[in-house]
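Take a look at the structure set out below.
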Amino acid sequence: MVQDQFLRNSWHVLARSQDLQPGTILQKRLLGEDLVLWHNGDKALTWQDFCPHRGARLSLGWVHKDTLVCGYHGLVFNTEGRCVLLPATPDQPPPARACIQTYHIKEHYDMLWVCLGIPQYDIPTYPGWDDPSYRKVLCGPYPFKTSPLRVVENLLDPAHFPFVHDGMFATSRRPELRHHDLELHPDGFRFKFGIWEVDFNSKDPSSAPMLPVTYEYFIHHPLAGYFERHGEDGTRLTLYYMVTPVDEEECVLWFWILEDYLHMFSDQAFVERQDKIVSQDYLTVESQKPLRLPLDLKAEIHLPSDRYSVAYRKWLKQKDVTFGAI
Ligand code: FES
Ligand SMILES: [Fe+2]
């Protein structure tokens, strides 16, 4: 069992709500633990993916009415995770020990969130979610073979935008950053900076006009958060990221984008554009050594432009996060 209490007691995204239809099963992994997600026709449930009889994976079984049946010897478990039938000896009562470790699951922002411990921290709010003037697009899942903390830190690191994403939105012609603000709170931090972006209306990014934009980030969860992008022309875009900590060196990135100005891209073209941006991140982020995020600030070199990453590492250290860290 993972000892990291901050992550154990936080909610983590595992799937889109639509991925788990009534009567179906999903096999997932969270914080190094195998899980079975299933839908009993009324609600989603998540349990340890382990049958207490002979240790088979329950996700190999099936849903029957509002019960889950293990595929090995057919033991039937009710929604509380208690065995209610031994098919080979149906007259015998199941042993009291024949029950399964259950976990918390809930639906939020059209996603399924799971907590393996005692839920102590709320799912971060996403302002604008109910505002119909935004287009709403879900991007991902994007699996990464590295620490979930490395993937989040990459999202908080604007100095890489002009190089890794040159011409996609930022530009190497103007890589300088404008720092505006960094506020630390016990439950997280907020920061604001400015970058130069290329004008998306231009056909050629290498000569496109450049526009100053500001980004403001709000972080209250180790693996989920959001930012607002403000253009000087009043255009709005917000991104809400969610990283699933599968294992210490394996994770999945998802994000919602709400925006009101990129009408030149169809929904499909918009998602393909985000796929391309993330594919640019894969190469560099998965190449970072060590894969786990060093929380000792002496382990890597920190530049003035790393102030947000440094705030993230300090906050994780303060909260005793160890999963995916060294
Ligand atoms: S291992 Fe599940 S019923 Fe035997
Ligand atoms: Fe990036």
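Since every read-out is calculated from the coordinates, none of them should be taken as a lab result. Being a predicted model, the structure only gives us computed values, none of them experimental. Note: ideal-geometry Cβ built from the backbone for every residue, glycine included; neighbour counts use all protein chains shown.
Would you check if PHE189 is more than 19 Å from GLY231 (Cα to Cα), away from ligand 2 (no atom under 12 Å from the Cβ) and aromatic (Phe, Trp, Tyr)?
Yes, satisfied.
Please find, within the range 249-290, the residue that is farthest from ASP157 (Cα to Cα) out of those that are charged (D, E, K, R) and outside any helix (DSSP H, G or I).
Step one: list which residues in the range 249-290 are charged (D, E, K, R), which gives 249-250, 259-260, 267, 272-273, 275-276, 281, 286, 289.
Applying the additional criterion that residues be outside any helix (DSSP H, G or I) yields 249-250, 259-260, 286, 289.
Numbers: GLU249: 20, GLU250: 20, GLU259: 21, ASP260: 24, GLU286: 15, LYS289: 17 Å.
Per the criteria, the residue is ASP260.
Tell me yes or no: at least one residue of the range 107-116 is farther than 28 Å from VAL285 by Cβ and more than 16 Å from ligand 2 (Cβ to nearest atom). So that I can check it myself, show each step before the final result.
Residues of the range 107-116 farther than 28 Å from VAL285 by Cβ: 107.
Narrowing the set further to residues that are more than 16 Å from ligand 2 (Cβ to nearest atom) leaves 107.
The answer is yes, given that some residue of the range 107-116 is farther than 28 Å from VAL285 by Cβ and more than 16 Å from ligand 2 (Cβ to nearest atom).
Residues are listed down the side, and each one gets a yes or a no for (1) crowded, with 20+ Cβ neighbours inside 10 Å; (2) touching a strand residue (DSSP E or B) at 6+ places or on another chain (Cβ under 8 Å); (3) of a type in the set (Asp, Glu):
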position: MET111; (1), (2), (3): yes, yes, no
position: GLN120; (1), (2), (3): no, no, no
position: TYR134; (1), (2), (3): no, yes, no
position: GLY140; (1), (2), (3): yes, yes, no
position: ARG174; (1), (2), (3): no, yes, no
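So which strands (runs of 3 or more DSSP E) are wholly in the range 5-88 and hold at least 2 residues that are within 17 Å of GLY117 (Cα to Cα)?
12-16, 25-30, 33-39, 44-48
State all residues of the range 155-204 that are under 28 Å from SER266 (Cα atoms) and aliphatic (A, V, I, L, M); if no residue qualifies, say none.
If the condition is that a residue be under 28 Å from SER266 (Cα atoms) and aliphatic (A, V, I, L, M), then LEU155, LEU156, VAL164, MET168, ALA170, ILE195, VAL198 are the ones that fit.
Of all residues in the range 119-138, how many are in contact with a Phe, Trp or Tyr (Cβ under 9 Å, 6 or more places away or on another chain) and either in a loop (DSSP other than H, G, I, E, B) or under 24 Å from GLY194 (Cβ atoms) (or both)?
Adding up the residues that qualify gives 11.
Test each condition in (1) over 27 Å from the mean Cα position of the chain (by Cα); (2) farther than 24 Å from ASN9 by Cβ for GLU80 and report the one that comes out false.
Going through the list (1) over 27 Å from the mean Cα position of the chain (by Cα); (2) farther than 24 Å from ASN9 by Cβ, GLU80 breaks only (2).
Filter the range 29-41 for residues that are under 19 Å from VAL252 (Cβ atoms) and surrounded by 20 or more Cβ atoms within 10 Å (Cβ to Cβ) and give the result.
Here is the first cut: in the range 29-41, the residues under 19 Å from VAL252 (Cβ atoms) are 29-37.
Once the filter is applied, which keeps residues that are under 19 Å from VAL252 (Cβ atoms) and surrounded by 20 or more Cβ atoms within 10 Å (Cβ to Cβ), the range 29-41 yields LEU30, LEU31, LEU35, VAL36, LEU37.
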